[in-house]
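Below you'll find the structure, written out as structure tokens, and then a few comments.
The values are calculated or read from the model by the stated rules, or taken from the named source; none is laboratory data. Predicted model, so just to flag it, every value in this text is computed and none were measured. In this analysis, Cβ positions are derived from the backbone assuming ideal geometry, glycine residues included, and neighbour counts consider all displayed protein chains. The area values use the complete protein model at the heavy-atom level, side chains included, leaving out ligands, DNA and RNA. Shrake-Rupley method; radii C 1.70, N 1.55, O 1.52, S 1.80 Å.
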Amino acid sequence: MRLSPPGIILATLNAKYIHASLGLRYVLANMARYGGEELRARTVVREFALTRTPQDVADALLMELGVSTTPQIIGFGVYIWNVTATTEVVRLLKTARADAIIVLGGPEVSYEWANQEIVSLADYLITGWGEVSFPKLCRALLRAAPPAMKVIEGEQAPLDEIEFPYKEYGDADLAHRVVYVEASRGCPFKCEFCLSSLDKTSKAFAVERFLAEMNDLYRRGARKFKFVDRTFNLKIEITVRILHFFLERLDDDLFLHFELIPDRLPSSLKQAIARFPPGVLQFEVGIQSFNPDVQQRISRRQDNEASVANLRWLSMQSQAHLHADLVFGLPGESWESFATGFDRLYALGPHEIQLGILKRLRGAPIARHIEGFRMVFDPSPPYSLLQNCDIDAETVRRFARLARYWDLLANSGRFKRSMDLLLQGDTPFGAFAQCADWLWRRCAKTQGLTPEFLVDALFDYLCNERALPVERVRQSLLDDYLDSGARANPQCLRGLLAQRPPPMVRSSISLTRRQARYG
């Protein structure tokens, strides 16, 4: 029976409500194994969304702590997206309840932690894995035998000795949130911009044991599974086995997200992928750069020709939704070479191209290039590149605006026909960059732009700047607007919408919206 108030709270701030913390549930699931049944009974998980203020979060946690005089522990999962807010929460908690023991863990505090404000505020820090070390620390603290060291290196147990976290997902999680799962841990690749490059290798959980857990989740009603494996298709036999498991359980609500290595797609995997209907599979494919010199410089092993062939096959021969990533600002990558890579990727037909700016994650080996390439990063999260020797600060800002407009116009799926018109020109990247520059001159903002504003802006740009036929542009925008399901009345479409029947959302747009809900 759980004591009241709880002795141990596992807390984090998620980016959105729909995200459910896998890390906290791993720790909770292993409290009994590594700390004892009493610890498990006294432990609760409390998740908050970043939309709540730090004061609101602190007040909620303080209310739960109550006035107990026994030692009480709050463990925070700290990530790049929540470190600023979590720092303020910890400050408020320690001001109000100096006796509360604050323990930190997570990737944002596992490296380069010595000068972090949040670490100075906390009582203990566990770097690396926490499933074993956090229960052991709590047991020592509650027995009045605290460790001598503030910073504890996390102990990583063999995978077969770790309790799975999936029973810790509640019914509300399964019904309304994305369920995060992992079939393996680690990554064998050494891409220097990624923290996974610090892993020694990749290890898979025993597949039958893992699938038994997936079956239990499915039986309980889970239908949205987001795999966090960095290299899901590394071990093809296991990958195919997992896909067959879900093929046997296909229904209208099933959704699966995987991160794929782009150059590893043998025939057995293709055969399994080809059996899935539309709307079920979403693949995140990290291309990052097609520039071989850049790839070699950052220790990224990627067969570009195989990657191109596989992406083309996925686009043309499968029903999977493809989300491909490119990173701007890698050492030695110029605006021109990035543009070449973008055009090559765009020609392969992915549904989305995510355009990101290089970030200097704490501990990532990309830091070794800072001096040689005169790289300057924002000191505040998410530590984005500000400039380097090949790209000045204004060009980085220009790209950030371009990436935001690309999300609104291309990745949104709202302007499929109109994008075909927009990207006509010497190159797709060049054509879109011209439009992005024009949009910025017109409105000087990248946020708060309604679909109706974008319809009218595209009409103006395509007709007046690009001199395309007015009626062709208007018809394209009208068809896109009706397909999107929007009900307002853009200026350039006045008098046309009332003459049309109520818009029917077509399958392609419906699937785009569905994929976006689970991003």
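Observations, loosely collected:
- Verdict on ASP479 being crowded, with 17+ Cβ neighbours inside 10 Å, in a helix (DSSP H, G or I) and charged (D, E, K, R): no
- Filtering the stretch 287-312 to residues that are outside any helix (DSSP H, G or I) and open to solvent by less than 10 Å² (accessible area, probe 1.4 Å) leaves ILE287, SER289, ILE298.
- Given (1) surrounded by 15 or more Cβ atoms within 10 Å (Cβ to Cβ); (2) without any contact (Cβ under 8 Å) to a residue 40 or more places away in the chain; (3) in contact with a Lys or Arg (Cβ under 7 Å, 6 or more places away or on another chain), number of the condition ASP253 does not satisfy: (1)
- Selection from the stretch 435-462 of residues that are open to solvent by 20 Å² or more (accessible area, probe 1.4 Å), more than 27 Å from the chain's Cα centre (by Cα) and within 21 Å of ASP480 (Cα to Cα): GLU452, PHE453, ASP456, PHE459, ASP460
- The set of residues from the stretch 251-274 being under 20 Å from the mean Cα position of the chain (by Cα) and in a loop (DSSP other than H, G, I, E, B) comprises LEU254, ILE261, PRO262.
- Residue count, the stretch 28-69 (criterion: under 15 Å from LEU137 (Cβ atoms) and outside any helix (DSSP H, G or I)): 4
- Residue match in the stretch 378-393 (condition: at negative phi, part of a helix (DSSP H, G or I), touching a residue at least 24 places away in the same chain (Cβ under 8 Å) and open to solvent by 50 Å² or more (accessible area, probe 1.4 Å)): no
- Verdict on ASP216 being in contact (Cβ under 8 Å) with a residue 12 or more places away in the chain, of a type in the set (Asp, Glu), open to solvent by 10 Å² or more (accessible area, probe 1.4 Å) and under 23 Å from LEU330 (Cβ atoms): no
- Residue in the stretch 200-209 that is open to solvent by 40 Å² or more (accessible area, probe 1.4 Å), part of a loop (DSSP other than H, G, I, E, B) and polar (S, T, N, Q) present: yes
- Residue list for the stretch 313-372, restricted to those being in contact (Cβ under 8 Å) with a residue 12 or more places away in the chain, assigned to a loop (DSSP other than H, G, I, E, B), more than 17 Å from PHE429 (Cα to Cα) and open to solvent by 40 Å² or more (accessible area, probe 1.4 Å): GLN319, ARG360, LEU361, ARG362, GLY372
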